[in-house]
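Every read-out reported here was derived from the displayed coordinates using simple, explicitly stated rules and does not represent laboratory data. It should be emphasised that the depicted structure is a prediction, and the values quoted were computed from it without experimental measurement. Glycine gets a Cβ as well: all are built from the backbone with ideal geometry, and neighbour counts include every protein chain shown.
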Amino acid sequence: MAKKEPRKSFFSRFLVLLLIGAGIGGWWLWKEQPLVESWKNNFLAYIDNRDILALEVKYTPEQILKAHYPANTGQDKNNPAETTLKYYPYLLLDVKYTEDRKSREGVLLWGLVNGEMVLNTLTWETTHGFKDCLDCQASRSDFKIMQVLARNESPTSLENLQKELQVERETLDLWIENAKYKHLIVQKGPLLQLHFENPKLLVVPQTRIDRQLVSRPSATTQKADRVFNRNQILTIAKAAFGDDFKVRSEQEVYLPVYNLKVINPDQSVYSTDWNAVTGQRIYPYYLSMR
């Protein structure tokens, strides 16, 4: 027993020195907090000052007002309008996948604010339903059920669902309960249906892009806050498109959006958002649900 005392003594002294060092380090960080904060701010400023890639602006605020007046305002064209240009983040993915038993390659544009895929940049048509899937962290099994229901376009019986998915009934019952818990599907007696109005989930993971990307200085660009992050998008894309879906590279790009504020004759302010690439109005969700 006596021979083990030096080793115990060594570890005790080492632990004491370690605690003292941690205490001194913590005291220094506290004492030099302004310096540490300055380093952090400088690093974040460096990151934020890098150029960003954005879709090229095609329409000016004047062109938009001229094209859509007087449908959206009840005032003289010469009344002043306050214009703000904000850039909304999207994740641009270089992907490969399978379709009709053939390998395909393409690019995919996914919104980090609205959570939906862009199908075509010419019309800015998007999917509908992926945001809900992101919010509830939909799994691969959730998507398998939803895709069958979407293909059938009508309520589907448990028997037909099991036949198409080719899984054991016990497994299917568990999948269904999980999807119902996430409010992705609803069950009416023996029938199941999607819990979306006008869903658009049966899409290939590719965006038709016909717009040019340009670089902009980030420091002078007003950017919208992200609602979703890259990991959430990549996870949901893998769940939606299966094991054959592969992301080869990724890049963040931005969509320019105008916010136009126009003063009405009664001095109220009429505020609208416009896609600066397509010249189309971006409606709030409560107006776009038609």
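For this structure, a couple of remarks:
- Given K96/K188; K182/K238; K102/K180, the pairs whose alpha carbons are separated by over 26 Å: K96/K188; K102/K180
- Judged by the gyration tensor of its Cα atoms, with axes a ≥ b ≥ c, segment 148-196 is oblate; a/c meets the 1.5 cut and b/c is at least as large as a/b.
- Surrounding net charge for V253, when Lys and Arg each add one and Asp and Glu each subtract one, Cβ distance under 14 Å: +1
- Packing-based exposure ordering (other Cβ within 10 Å, fewest first) of Y181, Y254: Y181, Y254
- Sequence-distant contacts, meaning Cα pairs under 8 Å at least 6 residues apart, place the relative contact order of segment 201-290 at 14 percent.
- Summed residue charge, Cβ within 11 Å of H128's Cβ, Lys/Arg positive, Asp/Glu negative: -2
- Net charge of Cβ neighbours under 14 Å - reference K200; Lys, Arg +1; Asp, Glu -1: -3
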